[in-house]
Amino acid sequence: MAGRRHEGGSENPFQGRKVFTVEQANAALPLVRAIAGDLAELARDVIARRERVKAILAMRERMGDRRSSELYDEEVALVEEELERDIRRLQEYVEELRELGVEPKGATEGLVDFPAMMDGRPVYLCWKVGEPEVLYWHEIDAGFPGRQPLYADSGVAAETVDSSRFLSVL
């Protein structure tokens, strides 16, 4: 299905999706912040527990003695069961963010992108856990390394600036 073309003639990747202004993105932050914070915390915990399972399995392999390795079977089974449950929770957090119209980009950092339009082209407003508000953007193919301040050298918070000069809704 072809997308609607935007200025410059390329396809609009946001067709049919919510597109945010800076004000709308910042207004959504209380809920996004809560979900992304939970996502980041749980993702880091899941990674740590996966490492624990790997360490237990490696120790078990080194021990070689079946009686000794059976001591770890129960712990491994319990941790793996908890991991499966928590991976489902991670997927639910990701889905909650997508339902709000944002795109989770980095689970452990709590990084999310808000689809937006700037000067007639699709871009992402970029925010991560720990930042007070949405103050950055990047081209759709640039990712986090391509982040740029929305209001370079202004020292002004995003919601106090007339963002219609910078961003507009489709």
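The values are calculated or read from the model by the stated rules, or taken from the named source; none is laboratory data. The structure displayed is predicted, hence computed values, not measured ones. Every residue, glycine among them, receives a Cβ derived from its backbone with ideal geometry; neighbour counts consider all protein chains shown. These accessible areas exclude ligands, DNA and RNA; they are computed on the full protein's heavy atoms, side chains included. Shrake-Rupley method; radii C 1.70, N 1.55, O 1.52, S 1.80 Å.
Couple of notes before you dig in:
- Of all residue pairs spaced 6 or more apart or on separate chains, those with beta-carbon atoms under 9 Å, a first member in the range 17-41 that is more than 18 Å from residue 86 (Cβ to Cβ) and a second member that is hydroxyl-bearing (Ser, Thr, Tyr) and not in a loop (DSSP other than H, G, I, E, B) are 19/168; 21/163; 21/164; 21/168; 22/163; 23/163.
- Within the range 33-62, considering residues that are of a type in the set (Lys, Arg) and at pLDDT 95 or above, the one farthest from residue 127 (Cα to Cα): 44
- When the range 91-140 is filtered for residues that are part of a helix (DSSP H, G or I) and more than 14 Å from residue 32 (Cα to Cα), only 91 remains.
- Criterion: open to solvent by less than 20 Å² (accessible area, probe 1.4 Å), at pLDDT 95 or above and within 13 Å of the chain's Cα centre (by Cα) - qualifying residue of 113, 86: 113
- Every residue from the range 118-140 that is aliphatic (A, V, I, L, M) and either in contact with a helix residue (DSSP H, G or I) (Cβ under 7 Å, 6 or more places away or on another chain) or open to solvent by 10 Å² or more (accessible area, probe 1.4 Å) (or both): 118, 125, 129, 134, 135, 140
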